[in-house]
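Working notes, structure below.
The values are calculated or read from the model by the stated rules, or taken from the named source; none is laboratory data. Keep in mind it's a predicted model, so treat the numbers as computed, not measured. Don't worry about glycine lacking a Cβ; one is built from the backbone with ideal geometry, like all the others, and counts go over all protein chains shown. Accessible surface areas use protein heavy atoms only, side chains included; no ligands, DNA or RNA. Shrake-Rupley method; radii C 1.70, N 1.55, O 1.52, S 1.80 Å.
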Amino acid sequence: MPLVSKNPTTENEIERYSLHTDREIEQRLAQARSGFEANRDRSFGERAARLERAADLLEDRAPALGALMTKEMGKPLPQARAEAEKCAWVCRYYAEHGADFLADQAVETPAQKSYVAHEPLGPILAVMPWNFPFWQAFRFGAPALMAGNVVLLKHAPNVTGCAEAIADVLREAGFADHELQVLRVDEETVGTILEDRRVRGATLTGSVPAGAAVAQQAAAQLKPTVLELGGSDPFIVCADADLEEAASIGCTARMQNNGQSCIAAKRFIVTRAVLDDFRERLVENVAALTVGDPTNDATDVGPMARGDLRDMVHDQVERALGDGAVAVTGGHMLERDGFFYAPTVLADVEPGTVAFEEEIFGPVASITAADDAEHAVALANNTRFGLGGSIFTEDLDKGERMARALEAGCVFVNEMTKSDPRVPFGGIKDSGYGRELSHHGIHEFVNVKTVWVEG
């Protein structure tokens, strides 16, 4: 079956892409391996120069690349343009710092000379999702390329146009064809590619089942993996929080990208003393959002990326209502063309119910009451996920103590959870393992080699 790209705003088909044949896949694997051998010794300066040129192209083409993202997966256009610009940022970050991150580290030993070197592994398979079609690829790709690896990009079928555009940008920036190759393959073929000895590792951003499958296949081949999986991030509101700020930031944190983000604030855990006040403010913010055509700069929330995803969210909301939750606003599909779902706030959500236990990957916020700050942390940790979290309080010392107590890969006090090239990104528990970004990210797919020289 071909890969089909469909506009989620109109439901019209954009384009069909044929799957690569076995022969074409073999050609790409061979090119990846031979090309890696040919350019693994390329200097950091050369790699950095290419990343700088890629950053220039991403910034120059942000309007067009943003329009492509919006067309393929429904992201509001201003957010899509910002995504392209953020990709330029990560390229520049590793162009500037990559050489220092990977420099040989001298170690004092009895040897005449001893040091630790950081060398690329080879072709790395990247299985990427549709929700941030450029950022997810560059978040991994920029450090991987700076380290001297080559990338085999298996992107989500509905954003195949974005995948091809990424490859075009890198080629025009001076990267060789083999340094990032798009693989148009189905899920079953991913396992076959991962088993190939020429592929030296894999990274996946996606669902828990997909991550578990890749981890199992890679483990059987003794290959390293980095997994960034689901999240049900807590957004804790303490009694001393600035409620107006918390509600405004909380609305953005939940509804950005049409609610389709692993690090979106999904479980709002609010101290009872301010529960009613915060709920009223959050609902007011959510109800004021403009839902509509994502190509209009005034639109806050566009369609969900696919019809089946919208149907899944609606099923979860229906089951949540059956569990006793109350839809304070929203809670239904919108009667119009496109895969639209009304921005929703569910109140009276209790632990053990659908809206608390499951990740709802759409524009749905769930509110749960907490007795106090300590109880809020306990509720926040009562999940199989551990990606990110936010805490709102005027007492910064308390906020920091709570942040240390949260079981998550990143915690933000008085700010929404977000990714930044300067700090590591990733999760624990069912949210995956390994880190992207910062110096931690570039070290995930290198050989940390000891070199010992005696006279």
Practice problem: Write down the Å³ per residue value for the convex hull defined by the alpha carbon atoms of the stretch 265-417. | Solution: 121 Å³
Quiz item: When the Debye formula is applied to the Cα atoms of the stretch 12-72, each taken as the same point scatterer, what base-10 log of I(q)/I(0) results at q = 0.20, 0.21, 0.24, 0.30 Å⁻¹?
Solution: -0.95, -0.94, -0.92, -1.07
Practice problem: Assign one of three labels to the stretch 224-328, namely rounded, prolate or oblate, based on the Cα gyration tensor with a ≥ b ≥ c the square roots of its eigenvalues; rounded applies when a/c is under 1.5, prolate when it is not and a/b is larger than b/c, and oblate otherwise. | Solution: rounded
Quiz item: Picking from Met333, Asn131, Val345, whose Cα lies most toward the positive end of the charge dipole for the chain (charges on Cβ: Lys, Arg +1; Asp, Glu -1)?
Solution: Asn131
Quiz item: Accessible area per residue, 1.4 Å probe, Å², for the chain: what's the number?
Solution: 40 Å²
Quiz item: Roughly how big is the stretch 108-187's charge dipole about its Cα centre, with Cβ charges of +1 (Lys, Arg) and -1 (Asp, Glu), in debye to the nearest 20?
Solution: 140 debye
Quiz item: Taking the Cα centre of each part, how many Å lie between the stretch 271-336 and the stretch 1-36?
Solution: 34 Å
Self-check item: Helical contribution to [θ] at 222 nm, DSSP H n ≥ 4, -39,500 (n - 2.57), averaged over the chain, rounded to 500
Solution: -13000 deg cm²/dmol
Quiz item: Looking at the square roots a ≥ b ≥ c of the eigenvalues of the Cα gyration tensor of the stretch 1-152, which shape do they give, rounded for a/c under 1.5, prolate if a/b is larger than b/c, or oblate?
Solution: oblate
Quiz item: Based on the alpha-carbon gyration tensor of the stretch 147-192 and its eigenvalue square roots a ≥ b ≥ c, which shape applies: rounded if a/c is under 1.5, prolate if not and a/b is larger than b/c, or oblate?
Solution: oblate
Practice problem: State the percentage of accessible surface on the stretch 220-340 attributable to carbon and sulfur atoms; use a 1.4 Å probe and exclude ligands, DNA and RNA. | Solution: 46 percent
Self-check item: Rounded Å value of the spacing that divides the Cα centres of the stretch 187-225 and the stretch 85-102
Solution: 26 Å
